[in-house]
């Protein structure tokens, strides 16, 4: 039995028919009738998720061995979560001074938005 882990990703997935079965390389997968709700992550929750996935990856490595597919999959999940955390930190950056000013003074001339 393969070690399988699930990570929810925000997407606009189509609604699948009830309990549709599909196969990939001879393995049957059962798909639910509605997509799973997206997991909304901020930097704190993603750090917690990373710690959880590291524990799972260590367990998979201990159970199946360092060079197993299950361990590789588990460590890939950790790597992807760490990359997402890095992207979140990079996006956070410093706020635009004009945006800060407009939050404080939304009626100022500089903050007006015109519809064409």
Inspect all residues belonging to the range 95-102 and state whether any of them is assigned to a loop (DSSP other than H, G, I, E, B) and at pLDDT below 90. yes
Under 9 Å by Cβ, and 6 or more places apart or on different chains, what pairs join a residue from the range 74-86 that is free of Cβ contacts under 8 Å to residues at least 24 places away in the same chain with one that is in a helix (DSSP H, G or I) and surrounded by fewer than 20 Cβ atoms within 10 Å (Cβ to Cβ)? 75/54; 75/61
Residues of the range 43-61 classified as over 15 Å from the mean Cα position of the chain (by Cα), touching a residue at least 24 places away in the same chain (Cβ under 8 Å) and surrounded by 18 or more Cβ atoms within 10 Å (Cβ to Cβ), total: 1
Would you mind finding the one in 81, 73 that is more than 30 Å from residue 111 (Cα to Cα) and within 14 Å of the chain's Cα centre (by Cα)? 81
The range 62-85, residues that are loosely packed, with under 11 Cβ neighbours inside 10 Å and part of a helix (DSSP H, G or I): 62, 83
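The values are calculated or read from the model by the stated rules, or taken from the named source; none is laboratory data. Predicted model, so just to flag it, every value in this text is computed and none were measured. Cβ atoms come from the backbone with ideal geometry, glycine included; neighbour counts cover every protein chain shown.
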